[in-house]
Each structure stands twice: as C-alpha cells, then as structure tokens.
Amino acid sequence: MTPPPASASHPYLAAADRIAQALDLVDRAMREQLDSAASLIGAIGEHVLGSGGKRVRPALTLLSAELCGYTGPRRIQVGAAVELLHSASLLHDDVVDLAEVRRGEPAASVVWGNRRAVLGGDFIYARASSMIVEDGSHEVLEVFADAIRSMAEGELLQLESSFDTSVTEARYFAVIERKSAMLLSCATETGSILAGVTRGERRRMRDFGRELGVAFQLRDDALDYEASEAELGKRPNADLREGKVTLPLLLALKRATPTERDAVEDVLKRASRDVLEVAQESITDLTPALEVIDRYHGIADTVRRAEQHLARATEAIAPFPDVRAKQDLLAAAHFAVLRDR
C-alpha cells in the first residue's frame, strides 16, 4: 500500500482533518485538567498547550486504537494523558536545557522562572497520571509509568554525555529511544491495549511507535542543523550549543581527521563555558563543527538512518488490515521523516 503523503500546507498528519473532532475532544480533556487553586497552573498549562504543537502523540493513540478495532471514549482520555505527559516533559526539558524559546514563543521557564516551570510540569505529570488511573486498566498504567521512568532516565543519560565527543552511537540511541521513542511507543501501545488485541498485535503496535519515534527524533536532530529559526521556532544549532552530540555530529566525527576532531572538541569546550556562565547568548563560533558536519555528510546520512527506521515502522504494522486508520498511521510515519520543521 502507498500511504497518502503528509500535507504540504500544514505541519501535521495527513489524517488531521478526519480525526479533527476527536482531537478537539482531546484538547478539551487536557484543559479540564488544568483547574487548580494556583492560578499560575492554568497560565503555564495554557502556555504550553496553546503553543502550536502538532498533537502527534494523541493522534497516534486515536489511530492505533481505531486500527485495532476500538473507537470508544477511552481513547480520548488516554490520548489526552499521553499529550499531557509530553507537555510536562517539555516544561522540564526547557529548564534542563536552559532553552529560551519553544515553538517560536518564550519558554515557560523564561516567562515564569525555573521553579514555577518545574512545579507546573510536576502538576501536569500528576494530572496525566490521574487520568490513566481513572481509565482503570492496569496494563495501560504499567505502560504509562514505564514511559515516565524511561524519559527521566534518557534525560539523565543525555546530561552525562553533554559536551563529550567520545559518545558512541549505542549511547546516542539509548538516549533517544528513552527520551523520544518511548513516548510514541506508549501512544501506540496504549491504543492497542484499549482494543484488547493479542500479545503479538500489541507488540507490533509498540514496535511501530518505537521505530516511528526514533525516525522522528533523527529528523529533529537533522533539522536542528539545516532548518531556519522561523521553521524551527527556536535558534538553529541549539543541540550543539547545549552540548548534545547528536547523530549528524557523531557520524561526522567518526570520519573526521584528528585535527578536525580537536577543532570540534574546542568548540564544545567553549560552548560548555557559555552554558556554565549562563550567557544570555552563546558567543562561541560554531563554524568549525558545522563545517565538519557538512564535509562528512552528517545531515544527509542522519536522514537516511531515519528512513531506515521508517521502513521498520511500516513493516511492523504490515500484517494489519489495509483500512483507513492504517493509511493514516503510515502517513504519520512518512511525515516524521519528510517534515521540514
């Protein structure tokens, strides 16, 4: 089957129009969770929920449940919880990364400070967890809790590897499988659980989400080096400034000469000083590292790796019936690799 292409006019899934009503219900369910005695919770929550996210994760939950035969109201609740988990992680990530911009707007930590942003993220984590408990499925709760654990572990692994040019591919993939792929895997697996599928079908949906998540993150890492600030909604080359040795740089370093590696290490050392000094704006010249990435085709080869994971995701759900939900999931997978922002 040839999947429909992702829409070129809108940075979202090709299925967005078809499931728009269900996604509206997901949005409503999320905002209902922002009610708090602390008015700041509503402001922080609205800031992150209203900042133009693609809602990929709840869409995956909705479509995965539909593919497996379930279209009832539980998929709204679970999809909303998954997206709230994602939103909470963004609040925490921006604090950890000292990020100033998120989706073209000031990060919540810039607007309200780190302490309030972290506590806001904690509140949203708790509300997402409550929604899963209210759903009542032990299996869904187990997958959700494992995702939270894995995401925190991935963030810590990444911090341990900051500004380190000796990072291996195995370490890099261990990070993105925990930080990024795990949450998409959670979205697709929980959708299948709602439908009461077999263990084999559940495993296929989990594998689809994981491979899609890896492809999505690889594309993100490539875009950080090739997209403009307007397209990214943040400063380009942010990963390098923050000391994240992602695959474009990692692949280039494996091919670089000792002199070139030394130059990149010097860039990272100077960038680490910028971070330690909490500079308002990085003053490090990134050119030597960017030239190495370009010379050794780090971006193009990263995109090729993303395409390989896209093929694995497609293969994972190949045995399922060729219905509209399957077409939409395949379109989502292609969007992960083909998007330009």
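Structural remarks
- Enumeration of residues in the range 88-126 that are touching a Leu at 6+ places or on another chain (Cβ under 6 Å), under 19 Å from Ala145 (Cβ atoms) and of a type outside the set (Val, Ile, Thr): Gly121
- 2 or more residues modelled with pLDDT of 95 or more: qualifying helices (runs of 4 or more DSSP H) within the range 143-244: 169-176, 182-194, 199-226
- Filter result for Val78 (under 27 Å from Asp207 (Cα atoms) and in a helix (DSSP H, G or I)): yes
- Of the residues making up the range 61-96, those that are of a type in the set (A, V, I, L, M, F, W, C) and closer than 29 Å to Leu159 by Cα are Ala80, Ala81, Val82, Leu84, Leu85, Ala88, Leu90, Leu91, Val95, Val96.
- Matching residues in the range 50-68 - criterion: being touching a helix residue (DSSP H, G or I) at 6+ places or on another chain (Cβ under 6 Å) and assigned to a helix (DSSP H, G or I): Arg57, Pro58, Leu60, Thr61, Leu62, Leu63, Ser64, Ala65, Glu66, Leu67
- Here the condition is being touching a residue at least 24 places away in the same chain (Cβ under 8 Å), within 20 Å of Gly50 (Cβ to Cβ) and among the β-branched types (Val, Ile, Thr); of Val110, Val101, Val143, it holds for Val101 alone.
- Residue within the range 141-153 that is surrounded by 16 or more Cβ atoms within 10 Å (Cβ to Cβ), in contact with a helix residue (DSSP H, G or I) (Cβ under 7 Å, 6 or more places away or on another chain) and charged (D, E, K, R) present: no
- Selection status of Leu329, touching a Phe, Trp or Tyr at 6+ places or on another chain (Cβ under 9 Å), within 23 Å of Gly69 (Cα to Cα) and modelled with pLDDT of 90 or more: yes
- Conditions (1) modelled with pLDDT of 95 or more; (2) part of a helix (DSSP H, G or I); (3) in contact with a Leu (Cβ under 8 Å, 6 or more places away or on another chain): number failed by Glu291: (3)
- Those residues of the range 173-203 which are of a type in the set (Ser, Thr, Tyr) and crowded, with 22+ Cβ neighbours inside 10 Å, in sequence order: Ser180, Ser185, Thr188, Thr190, Ser192
- Annotation: Val48 fulfils all but one of (1) at pLDDT below 85; (2) in contact with a strand residue (DSSP E or B) (Cβ under 9 Å, 6 or more places away or on another chain); the unmet one is (1).
The values are calculated or read from the model by the stated rules, or taken from the named source; none is laboratory data. Since the model is a prediction, treat every value here as computed from it, not as a measurement. Quick reminder, even Gly has a Cβ in these numbers, built from the backbone with ideal geometry, and neighbours come from all protein chains shown.
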